[in-house]
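Following: one structure in structure tokens, then a few remarks.
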Amino acid sequence: MQSKNALRRTMETYSKVTRFFFICNYISRIIEPLASRCAKFRFKPLSEDIMSTRILHICTEEGLNLDSEALSTLSSISQGDLRRAITFLQGAARLFGSSISSKDLISVSGVIPHEVVQALLAACKSGSFDNANKEVNNVIAEGYPVSQMLSQLFDMVVESEDTSDEQKARICKKFGETDKCLVDGADEYLQLLAACSSMIKAYSNMPEVYSNDM
């Protein structure tokens, strides 16, 4: 925070002769005095075709071998972020050499194994808070990023055919609130547990409870 305030004073001093550019993933982490002085530009994720073309160019220049499955996996886990794709590719090349498989990319990307995500989702669908709490503890103990868990849970919930639109809406709304709390520095265990509690209520068709402290 002190460094950002110092940067604000620098911007005020040199704004007539200098143009400042900031690149960030989360605008909420930029303090308001800085953000208010900037014009904000938001960029869409790159399409898979554009990602694949650029990744293949990098592989050719660097002498890396990437088959079609690995290329598709890299484009998918990068979520349209070419910087992230290059980072994953670089990490895999250092660990596994010039021939990189889909499994290699998953292992360096931080993507949570499908069976772990499925176990947590199944625990929430069971309606048992104790089961959900057990799976949440397992996720935290293994060190999986909760933001990544939410992203993968989101995909599974949205694509689920046995979940009603109302249930999906309730769950996705809670995921959005949880993600915002995580960005603001909230405790990962408590946030994931709260999200799972909301999932249990949604799957059990329990009504949402609103409190009014006014």
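Among 136, 146, 183, the residue with the largest mean-square fluctuation in a Gaussian network model of the chain, with springs joining Cα atoms closer than 10 Å, is 183. Each residue of the range 129-137 was assigned a 3J(HN,Hα) from its phi angle through the Karplus expression (A = 6.51, B = -1.76, C = 1.60, θ = phi - 60°), giving 5, 4, 5, 5, 4, 5, 5, 4, 4 Hz with x at Gly and Pro. Taken over the C-alpha atoms, the chain has Rg and Dmax values of 21.1, 65 angstrom. Multiplying the residue separation of residue 161 and residue 35 by 0.36 nm and subtracting their alpha-carbon distance yields 41.2 nm.
With Rh defined as the Kirkwood radius, the inverse of the mean 1/r over Cα pairs, the Rg/Rh of the range 1-51 is 1.10.
What dipole magnitude, in Debye to the nearest 20, does the chain give about its Cα centre under +1 on Lys/Arg Cβ and -1 on Asp/Glu Cβ?
Around 1300 debye, computed over the chain.
Annotation: Cα Rg of the range 36-81 relative to the compact-globule expectation 2.2 N^0.38 Å equals 1.49. Max-minus-min Cα coordinates of the range 5-122 on each principal axis give 52, 44, 26 Å, with the largest extent listed first.
Under the 0.36 nm per residue contour assumption, what length would be gained going from the current alpha-carbon distance of residue 95 and residue 197 to full extension?
Length difference between fully extended and current span is 32.9 nm.
With the convex hull drawn around the C-alpha atoms of the range 48-109, the volume per residue stands at 64 Å³. Only Cα pairs under 8 Å and 6+ residues apart enter the sum, and on that basis the relative contact order of the chain stands at 16 percent.
Using θ = phi - 60° in the Karplus curve 6.51 cos²θ - 1.76 cosθ + 1.60, the 3J(HN,Hα) couplings for the range 55-66 round to 5, 4, 4, 5, 4, 5, 5, 9, x, 9, 9, 10 Hz; x is entered for Gly and Pro. For the range 114-203, the fraction of C-alpha pairs farther apart than 15 angstrom is 53 percent. The HN-Hα couplings worked out from phi for the range 154-165 by the Karplus form 6.51 cos²θ - 1.76 cosθ + 1.60 (θ = phi - 60°) are 4, 4, 5, 5, 5, 7, 5, 8, 9, 10, 6, 4 Hz, whole numbers, x standing for Gly and Pro.
A straight Cα-to-Cα reach below 30 Å connects residue 4 with the lysines 16, 40, 44, 180, residues fewer than 8 places away in its own chain not being considered.
Stretching the chain fully between residue 5 and residue 107 yields a gain of 32.8 nm (0.36 nm per residue, less the alpha carbon separation). Largest GNM mean-square fluctuation among 11, 199, 156, using the chain with Cα springs under 10 Å: 11. Averaging Cα coordinates gives a centre for the range 95-121 and one for the range 153-173; these two points are 24 Å apart.
Comparing 15, 47, 75 in a Gaussian network model of the chain where C-alpha atoms under 10 Å apart are linked, the largest mean-square fluctuation is found at 15.
Each value in this text was obtained by applying a stated rule to the coordinates, not by laboratory testing. If you're wondering where the values come from, they're calculated on a predicted model, not measured in any experiment. Using ideal geometry, Cβ is built from the backbone for each residue, glycine included, and neighbour counts are taken over all protein chains shown.
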